[in-house]
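The values are calculated or read from the model by the stated rules, or taken from the named source; none is laboratory data. As the structure is a computational prediction, the values presented were derived from the model and not from experiment. Neighbour counts run over all protein chains shown; Cβ positions are idealised from the backbone, glycine included. Just the protein is used for accessible areas: all its heavy atoms, side chains included, with ligands, DNA and RNA removed. Shrake-Rupley method; radii C 1.70, N 1.55, O 1.52, S 1.80 Å.
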Amino acid sequence: MSDEFEPKIVAFFCNWCTYGGADLAGVSRLQYPPNFRAIRLPCTGRMSPKFILEAFRRGADGVWVSGCHPGDCHFIAGNLYARRKFTLLHNMLLNMGLEPGRLHFSWISSAEATKFQDVAIRVIEAVKAAGPNERFVKHRIEVA
Ligand code: FES
């Protein structure tokens, strides 16, 4: 067993695009580290900043939000609202001392399995580089 730090990442994926991209990556047997737990949203517009704060509060080392490309959202502009909320929260958290590399946002369609793999690896490497999260943790939830 390796002593290397393995980050826990909470991922919020839109059901219509990134979740499908993850599924396609799986059936295409594309490899990526298993460091994130995916939570499926009906649209990234459903994502509340509270979800991100709660993930950090419960001990996540990183959070990744991913949805449909601009113009492809099933709810017209949910992804654009999500990006706006995300950007404001990201800036606020950086000002509060969150290390860069812990919070990520991406657009990945259900046909982009290789992009999903690339982004997943990049997110995991960035969170690994940031190290274990201690800043906003209230109580750590152990996940299998
Ligand atoms: Fe995918 Fe809105 S339906 S981000």
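Below, the figures for the structure above:
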quantity: Complete set of residues in the range 121-141 that are in contact with a helix residue (DSSP H, G or I) (Cβ under 8 Å, 6 or more places away or on another chain) and among the aliphatic types (A, V, I, L, M); calculated: Val137
quantity: Flag if Phe5 is more than 16 Å from the ligand (Cβ to nearest atom), part of a loop (DSSP other than H, G, I, E, B) and open to solvent by less than 80 Å² (accessible area, probe 1.4 Å); calculated: yes
